[in-house]
There are 2 protein chains.
Amino acid sequence: MNEYASAQRRLCFAVQNRFGDGDSMSERPSGEALSAVRRVLDRTLEPSRIRDDPTELEKYASDWSGAPPVLPDLVVKPRSTEEVASILRAANQARVPVTPRGLGSGKAGGSIPIYGGIVLSLEGLNNIEHVDRANMTAVVGAGTILADVWRATEAEKLFYPPDPNSFDICSIGGNIACNAGGPRALKYGVTKNYVLGVEVVLPTGDIIDAGKATLKHVTGYDLTSLVVGSEGTLGVITKATLRLLPEPASIETGVLHFANVHTAARVLTQLLADGHQPRTLELLDHHALDALRQKSPNLFPDTIGALVIAETDGTSDERAFADLQQLAEAALAYGALDVQVAQNEADRRRIWLPRNTLSESLRATAEAKISEDIVVPRSHIPDMIDAAQRISDRHGVKVATYGHAGDGNLHVNILFDRDQRAAADGAVLDVLKAAISFGGTLSGEHGLGMMKRDFLGLEHSEHKIELQRTIKKSLDPNGILNPGKVLPRRAISSPQVEAK
Amino acid sequence: MNEYASAQRRLCFAVQNRFGDGDSMSERPSGEALSAVRRVLDRTLEPSRIRDDPTELEKYASDWSGAPPVLPDLVVKPRSTEEVASILRAANQARVPVTPRGLGSGKAGGSIPIYGGIVLSLEGLNNIEHVDRANMTAVVGAGTILADVWRATEAEKLFYPPDPNSFDICSIGGNIACNAGGPRALKYGVTKNYVLGVEVVLPTGDIIDAGKATLKHVTGYDLTSLVVGSEGTLGVITKATLRLLPEPASIETGVLHFANVHTAARVLTQLLADGHQPRTLELLDHHALDALRQKSPNLFPDTIGALVIAETDGTSDERAFADLQQLAEAALAYGALDVQVAQNEADRRRIWLPRNTLSESLRATAEAKISEDIVVPRSHIPDMIDAAQRISDRHGVKVATYGHAGDGNLHVNILFDRDQRAAADGAVLDVLKAAISFGGTLSGEHGLGMMKRDFLGLEHSEHKIELQRTIKKSLDPNGILNPGKVLPRRAISSPQVEAK
């Protein structure tokens, strides 16, 4: 974790030092500004909502990105949308930065208060207002833990598909802010596909009900989609109306073995084009398998150079099983070496175990690890794997790839020794550039936050970045909301980064 | 068609006359401004692209809304994105309104040049760049006819689900601008769910590639979704990257009979909550059936007060048939009177015939007809049907309802005689208000255009409308792009409309 942080930090701050910083709010607030906002908060909120003791400030200084902690000046924990509005109004008046925070499980440093000011924790807005079985919707507070949303919907035999790995520690508001994905995104899509509406507080304190609890509407601009994935830079999400599906009656799990990752990628592409609709297709390349073999030498036969975990689900046991069987037969016909299907829950856990312990196993093979979150069009997975190999050779670091191959979302892991920092930085940049060169993207499900903002110029044109700045400026004229996130520093552009 | 227009026009213009007009561009351009823009166009475009002959101007003065025609000053027909950019740059410079137009099949007057200026016809950008079978995507020009998109994707055994009724005369760019739906939206969602990216030209002439050909990405703001459904007011869509699905191997069709529309609505809701996933559930209420009976008295037994056309599709004949059979059995258990399943294509056509000829049959029962496009949460369909009956009684006009009941999208038809205009206007307003009161929306798939813009205050708060104005203003500072559409005139707000 710390290694990841340091390496990413070097990338970020190397760039920062060269070009300076162009955020409209780019320093900590003055004591005067803080006192002004504090006076208003003391007048409008219960004292228990406002915290400035060191233990508490430290607790809200970092997230799961492992980026270096930055202490806020205040942590404020509202219990209602109206309280959120009054906090934002006061902060906007006094020009004090506000960093919204769900439960701090983000991987891109999006909730780190890099210019101090207020951390606005939404953890208190964790009310599940209702689950509506007839209309298959739910209304939940932004601070609700995803696992609690699942429990509440499953109690009504309904299904909320997005499944980031952090499901038992992440908030639904954070999921929406980062447009979270997960393995099931292959069949079911990402968070944005399940958000019908959001209640959002603008930096000015205005409360907006974006969206609608109906499945269709074309009335004005799609403000909901603008907020989803904006990583807390345009407004603070306080509540969401979610679209639910009927709960699948049955899930079947199997594992496909391949000689190498090229065959695996080709076969996956063919299966999906043929109309198979598995809910997950999780790929592990041979570096990933080797890391697992270091711990358990006989885990896989030597002939296996790639592995895919496939799951199907359906309205009945027979359907889900028939789907997996048909997929497995087709995979064998297209070139898989072997297929194993779980006969019971113990089998299922055994199949998932390598995937679930992989991050840890990889970490054990080197002193440091950086995990990237790129996406490429499916057909370019083999190209990306080849590119990763070349990058590995060029920089003298190991690169292992695994992830949600069905939708092209690969977690590319750079493994290196402590004295190889510069090489690792170079490898990361090359991985990002390679993904872009294949028509891919910098981030599939983690977001840009503070970690990757300065690379946006690799992917977006100047005009496109400028358009986003215009939108940000029009909604947040004083730049108080989550400054230093998503949009790159002004002086950074693709050629300059490429010249690095 | 003309009756619809007149009635809607009365509503629009009654309001306009009372409050004046607050659009930032709200009159026809001066001769000077037109000459300035014309000079630039003559210099940069082939002469054949620029038309100002009366026949041509008239052809581009109206659309399928039936709203009163307004002649543009110029029709410009670019053949490339760069030409679109140069037209917008010139118009923006000279402050001349530009009304983008796909193929003019819109139902809300979105492509009528109400302040004159330039109609920018995208019909020439009708190139299907490619259909990518491996990644299941297609890249198509904005002017491509939807039916041509279908043909090209079906040739690769792929499937683009959105299916507005106008499929053989509408453009994909227009579909995206209005976020078009159709019967299959029940299972597959609307246009926005299939647009991965758009190439869009901003009012300033900047060309932006929004979105990405990958299934996942969280890199900056979702500019694609902001453009989808914005009805040509934020930018001109020139090209789109579409997400495709594997083509379903089989479709099965059946018709369910019910004693009344309440039972029908209750049963549909139960079927969907149980996990049935038909691709269409099209409802006809008893007024609709009565209209059909006037032409063919023995079309349905007297006991039938509502009818639902259900279709299932799947990866095999057996699956689609089993799905329809299970749905039919459940419907009978829940209270359907009878179910008929099509045994062949002739049966299938016979089942769809009443639905496909309904609009015409309804028109024959009265001198005039207005068709509304509301959506309510599914569970409120019975309430909405009851409300329609009360509105009918109150205003002395007939109200017949049919539509995509599975997703709550109802086409509520007001049928009236020529001397009942005022009553019909009142009924329309009451239908919209009733939909909103049930948590519904003004438009499910047609958009607001010029026809319903002034009713937006019924659904959106002042803050929310103001936020949309801010976004519009920031992208189109001179207000040249499709002025007079989507956002209401400044002086109009919900209480004022309600006081009508």
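The values are calculated or read from the model by the stated rules, or taken from the named source; none is laboratory data. Everything quoted here is computed from the prediction, not taken from an experiment. Positions of Cβ are backbone-derived with ideal geometry, glycine not excepted, and every protein chain shown enters the neighbour counts. Only protein heavy atoms, including side chains, enter the accessible area calculation; ligands, DNA and RNA are left aside. Shrake-Rupley method; radii C 1.70, N 1.55, O 1.52, S 1.80 Å.
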I'd like the full set of residues that are open to solvent by less than 30 Å² (accessible area, probe 1.4 Å) and facing another protein chain (nearest Cβ under 10 Å), limited to the stretch A:429-438. A:ALA435
Residues that are of a type outside the set (Asp, Glu), within 14 Å of chain A (Cβ to nearest Cβ) and touching a Cys at 6+ places or on another chain (Cβ under 6 Å): which helices (runs of 4 or more DSSP H) entirely in the stretch B:140-224 hold 2 or more of them? none
Looking at B:GLU367 and the list (1) under 30 Å from B:ARG418 (Cβ atoms); (2) surrounded by 15 or more Cβ atoms within 10 Å (Cβ to Cβ), which single condition is not satisfied? (2)
Quick check on my filter: what residues within the stretch B:108-135 are surrounded by 24 or more Cβ atoms within 10 Å (Cβ to Cβ) and not polar (S, T, N, Q)? B:ALA108, B:GLY109, B:GLY110, B:ILE112, B:PRO113, B:GLY117, B:ILE118, B:VAL119, B:LEU120, B:LEU122, B:LEU125
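Residues are listed down the side, and each one gets a yes or a no for (1) farther than 20 Å from A:ALA322 by Cα; (2) modelled with pLDDT of 90 or more; (3) surrounded by fewer than 24 Cβ atoms within 10 Å (Cβ to Cβ):
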{"site": "A:LEU223", "(1), (2), (3)": "yes, yes, no"}
{"site": "A:THR238", "(1), (2), (3)": "yes, yes, no"}
{"site": "A:LEU245", "(1), (2), (3)": "yes, yes, yes"}
{"site": "A:PHE258", "(1), (2), (3)": "yes, yes, no"}
{"site": "A:HIS287", "(1), (2), (3)": "yes, yes, yes"}
{"site": "A:LYS295", "(1), (2), (3)": "yes, no, yes"}
{"site": "A:ALA310", "(1), (2), (3)": "no, yes, no"}
Quickly run through the stretch A:449-473 and pick out the residues that are closer than 21 Å to A:VAL200 by Cα and either open to solvent by 30 Å² or more (accessible area, probe 1.4 Å) or not polar (S, T, N, Q) (or both). A:GLY449, A:ARG469, A:THR470, A:ILE471, A:LYS472, A:LYS473
Please determine whether any residue of the stretch B:229-236 is among the small types (Gly, Ala, Ser), under 30 Å from A:LYS485 (Cα atoms) and out of contact with any strand residue (DSSP E or B) (no Cβ under 6 Å at 6 or more places or on another chain). yes
Only one of these conditions is not met by B:LYS433: (1) at pLDDT 95 or above; (2) part of a loop (DSSP other than H, G, I, E, B). Which number is it? (2)
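Every residue, every condition in (1) at pLDDT below 95; (2) touching a helix residue (DSSP H, G or I) at 6+ places or on another chain (Cβ under 8 Å), yes or no:
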site: B:LEU45; (1), (2): no, yes
site: B:ALA61; (1), (2): no, no
site: B:SER65; (1), (2): yes, yes
site: B:VAL75; (1), (2): no, yes
site: B:VAL84; (1), (2): no, no
site: B:PRO97; (1), (2): no, yes
Filtering the stretch B:331-363 for residues that are crowded, with 16+ Cβ neighbours inside 10 Å, among the hydrophobic types (A, V, I, L, M, F, W, C) and within 32 Å of the chain's Cα centre (by Cα) leaves a count of 9
Of these, A:GLY426, A:GLY447, which one is of a type in the set (Gly, Ala, Ser), touching a residue at least 12 places away in the same chain (Cβ under 8 Å) and at negative phi? A:GLY426
Being away from chain B (no Cβ under 11 Å) and of a type in the set (Gly, Ala, Ser) is the filter here, so list the residues in the stretch A:130-139 that pass it. A:ALA138
Among (1) within 14 Å of chain B (Cβ to nearest Cβ); (2) free of Cβ contacts under 8 Å to residues at least 12 places away in the same chain; (3) open to solvent by 40 Å² or more (accessible area, probe 1.4 Å); (4) not aliphatic (A, V, I, L, M), which single condition is A:ASP419 missing? (1)
Give the residues of the stretch B:225-249 that are of a type in the set (A, V, I, L, M, F, W, C) and part of a strand (DSSP E or B), sorted by residue number. B:VAL236, B:ILE237, B:ALA240, B:LEU242, B:LEU245
Could you say whether any residue in the stretch A:459-468 is basic (Lys, Arg) and touching a residue at least 40 places away in the same chain (Cβ under 8 Å)? no
Looking for something under 24 Å from A:PRO354 (Cα atoms) and among the acidic types (Asp, Glu) - is there at least one such residue anywhere in the stretch A:388-397? no
How do the pairs read when you match residues in the stretch A:147-167 that are farther than 17 Å from A:GLY182 by Cβ with residues anywhere that are assigned to a helix (DSSP H, G or I), using Cβ under 9 Å and keeping only pairs 6 or more apart or on different chains? A:GLU156/B:ALA273; A:LYS157/B:ALA273; A:LEU158/A:ALA152; A:LEU158/B:ALA273
Please go through (1) closer than 18 Å to B:THR233 by Cα; (2) hydroxyl-bearing (Ser, Thr, Tyr); (3) more than 19 Å from the chain's Cα centre (by Cα) for B:SER105 and return the number of the only condition it doesn't satisfy. (3)
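Being at pLDDT 95 or above, among the aliphatic types (A, V, I, L, M), under 15 Å from the mean Cα position of the chain (by Cα) and open to solvent by 30 Å² or more (accessible area, probe 1.4 Å) is true for just one of B:ILE251, B:ILE169, B:ILE176, B:ILE207. Which residue is that? Show your work before the answer.
Details: B:ILE251 fails: under 15 Å from the mean Cα position of the chain (by Cα); B:ILE176 fails: open to solvent by 30 Å² or more (accessible area, probe 1.4 Å); B:ILE207 fails: under 15 Å from the mean Cα position of the chain (by Cα).
When all the criteria are applied, what remains is B:ILE169.
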Residue ID - most open to solvent (accessible area, probe 1.4 Å), chosen from residues in the stretch B:377-398 that are touching a Ser or Thr at 6+ places or on another chain (Cβ under 7 Å) and under 28 Å from A:MET136 (Cβ atoms): B:SER379
Give just the number: which of (1) touching a Leu at 6+ places or on another chain (Cβ under 7 Å); (2) at the interface with another protein chain (Cβ under 9 Å from one of its Cβ atoms); (3) open to solvent by 10 Å² or more (accessible area, probe 1.4 Å) does B:LEU234 not satisfy? (3)
Number of the exception - A:ASP425 against (1) surrounded by fewer than 24 Cβ atoms within 10 Å (Cβ to Cβ); (2) within 14 Å of chain B (Cβ to nearest Cβ): (2)
Residue, farthest from the chain's Cα centre (by Cα), within the stretch B:179-201, restricted to residues that are crowded, with 24+ Cβ neighbours inside 10 Å and aliphatic (A, V, I, L, M): B:VAL201
Identify the single condition in (1) crowded, with 24+ Cβ neighbours inside 10 Å; (2) touching a helix residue (DSSP H, G or I) at 6+ places or on another chain (Cβ under 8 Å); (3) more than 26 Å from A:ALA364 (Cα to Cα) that A:ASN482 does not satisfy, given that it satisfies every other one. (2)
Which listed residue is basic (Lys, Arg), more than 14 Å from chain A (Cβ to nearest Cβ) and within 21 Å of B:ALA264 (Cα to Cα), from B:ARG390, B:ARG394, B:ARG378: B:ARG390
Given the structure, is A:GLN468 of a type in the set (S, T, N, Q), away from chain B (no Cβ under 14 Å) and part of a helix (DSSP H, G or I)? no
